[in-house]
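S.K.: Before anything else, here's the structure in question.
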Amino acid sequence: MEKLQTSATTSVLGTSITPQPVKDKERIESLDLLRGFAILGILLMNIVGFGLLFTDTATFEQIYGDRVHANFWTHAAMTILFEGKMRALFCMLFGAGIMLFSIQKIIPGKKGVTLLFYLRMLWLAIFGFLHAHVLLWVGDILYFYGLFGMIVFLMRKMKPKYKAMGVPIVAILGFILGVVFYQGIRDTRLQYLEVQPLVEAGEALTEEQEATVAAWRDVEKNFLPTPDDSAESIRKMRGNYSEVASEVRPKAWDFQTKYILMLLGDNIALMLLGMALLQWGFFSGKWTLPQYRKTMWIGYGVGIPLVIISFWHQAQTASIEQYLKQLEETPINWYGLIYPVQRIFIVMAHASLVILLMKQGLLDRIKESVKAVGQMAFTNYILQTVLCTLFFHGYGLGYFHHLEYYQLFFVVLAVWAVSLIISPIWLKHYRFGPLEWLWRSLSYRKLQPMKRLAG
């Protein structure tokens, strides 16, 4: 940390003390590498939302029910190794980036750094909103990072140990909120079951009973769509831009408003943990090889068995009927406690493994390409959306819900190839990715130099 602070403050000895974007020589190699792997890994999870209606009954039952099919085992591998982990890693790295920003912009006697940061976050939230509602990706994270980053910045001066404490605290609170949400759905289901015989018999319902039926229908549309609901959603996603928008925008809006509190604590806790890990030297590669090895083996040793237990339990509900039966009979899903624990153990193991391989020179063949992806994380994140929506949506090639689950990952490999090839070539000629340049220019309120100087 002393080296980081020295690098930041020496800028005042030059001719200008105006905050400037980070220069190449100030970049931390391990951060760029981890960010590159994280942004590539996020697509492993997002690809399902791009290309498949996962809540479709037939799809759900095929993936969970046919245990000799490639779909089941692909889903098992993705759930155990990557589901939630890549997004968590990226969120932690975002927090580390906030910490690094606050360190590198330490300029004695100069005000305006806080304003600069909040402008950056405001523009990021705007980009996220446009990402969801114009590019039509319901799973956008930029909007939340922009909003939550504003909160996290206020806590940057907390001691690292207190920042790290947010993870277990939020895990417990998150489980409680999850239970409340689950029980709300369960109560709606039980109330509907009381009214269902009257509905099937075609009898007249009271206003209260009609409200009960409407409430359960709302749950079905959002979480347990009927075959007719699924067919309509698939039809829209294969339609023109307006039809796709009519399917995506209401969900994106709900995600950005109704469910924002469900994400608030988790995202903030992960960002704070990322700050602490940077301060402790973990993300900057300052730990010793034995320390990284120990972290990796503990992470995998604890996390993998836990996530396998969780997945096995989840796989027992291999049909919608079984899921509804479990919903009706189980007041509290205690297995939900496993998720935040296994996720943090495995993500720490993944990060340790990457840094170990980097320090031992085992990533040298791909390191520069992955680092370039990490330096252009914003551009590559949006590029994933552009390529995938054009491939799957109806106003593009229209492959939505045409591919098997396992076949989606061939598309992932193709998108990865584009990012890994284009990113290093771009950065040979330009200082930033195109969207990074735009973001910086808007934040600093002046056009940033784009081209690299010859020589």
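S.K.: Would you pick out the residues in the range 302-331 that are within 20 Å of Leu173 (Cβ to Cβ) and surrounded by fewer than 13 Cβ atoms within 10 Å (Cβ to Cβ)?
M.R.: Here is the first cut: in the range 302-331, the ones within 20 Å of Leu173 (Cβ to Cβ) are 306, 310, 331.
Listed by number, the list holds a single entry, Pro331.
To keep it simple, each residue is scored yes or no on (1) at pLDDT below 95; (2) surrounded by 20 or more Cβ atoms within 10 Å (Cβ to Cβ); (3) in contact with a His (Cβ under 7 Å, 6 or more places away or on another chain); (4) on the phi < 0 side of the Ramachandran plot.
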site: Asp32; (1), (2), (3), (4): no, yes, no, yes
site: Leu43; (1), (2), (3), (4): no, yes, no, yes
site: Thr55; (1), (2), (3), (4): yes, no, no, yes
site: Ala58; (1), (2), (3), (4): yes, no, no, yes
site: Glu61; (1), (2), (3), (4): yes, no, no, yes
site: His69; (1), (2), (3), (4): yes, no, no, yes
site: Ile80; (1), (2), (3), (4): no, no, no, yes
site: Phe129; (1), (2), (3), (4): no, no, no, yes
site: Trp137; (1), (2), (3), (4): no, yes, yes, yes
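S.K.: Being buried (at least 22 other Cβ atoms within 10 Å of the Cβ) and farther than 19 Å from Ala132 by Cβ is the filter here; which residues of the range 358-407 pass it?
M.R.: Matches in the range 358-407: Val370, Lys371, Ala372, Val373, Gly374, Gln375, Met376.
S.K.: Kindly provide the set of residues from the range 201-231 that are hydrophobic (A, V, I, L, M, F, W, C), in a helix (DSSP H, G or I) and closer than 20 Å to Ala318 by Cα, ordered by number.
M.R.: Let us first name the residues in the range 201-231 that are hydrophobic (A, V, I, L, M, F, W, C), namely 201, 204-205, 211, 213-216, 219, 223-224, 231.
Next, from what is left, pick out any that are in a helix (DSSP H, G or I): 201, 211, 213-216, 219, 223, 231.
Across the range 201-231, the qualifying residues are Val219, Phe223.
S.K.: Related question: Could you list, in sequence order, the residues of the range 412-455 that are touching a residue at least 40 places away in the same chain (Cβ under 8 Å) and more than 20 Å from Met376 (Cβ to Cβ)?
M.R.: Arg445
S.K.: In the range 322-352, what residues are in a helix (DSSP H, G or I), in contact (Cβ under 8 Å) with a residue 60 or more places away in the chain and either over 28 Å from Phe60 (Cα atoms) or of a type outside the set (A, V, I, L, M, F, W, C) (or both)?
M.R.: Within the range 322-352, the subset in a helix (DSSP H, G or I) is 322-329, 334-352.
So of that shortlist, the ones also in contact (Cβ under 8 Å) with a residue 60 or more places away in the chain come out as 323-324, 327-328, 336-337, 339-341, 343-344, 346-347, 350-352.
Result: Tyr323, Glu328, Gly336, Tyr339, Pro340, Arg343, His350, Ala351, Ser352.
S.K.: Does Leu198 fit the bill of being without any contact (Cβ under 8 Å) to a residue 40 or more places away in the chain, on the phi < 0 side of the Ramachandran plot and not in a helix (DSSP H, G or I)?
M.R.: Numbers: without any contact (Cβ under 8 Å) to a residue 40 or more places away in the chain: yes; on the phi < 0 side of the Ramachandran plot: yes; not in a helix (DSSP H, G or I): no.
Answer is no for this residue.
S.K.: So, in the range 36-95, of the ones that are part of a helix (DSSP H, G or I) and basic (Lys, Arg), which residue ends up farthest from Ile268 (Cα to Cα)?
M.R.: In this case the residue turns out to be Lys85.
The values are calculated or read from the model by the stated rules, or taken from the named source; none is laboratory data. Because the structure is predicted, anything quoted here is derived from the model rather than measured. So basically every Cβ, Gly included, is an ideal-geometry build from the backbone, and we count neighbours across all protein chains shown.
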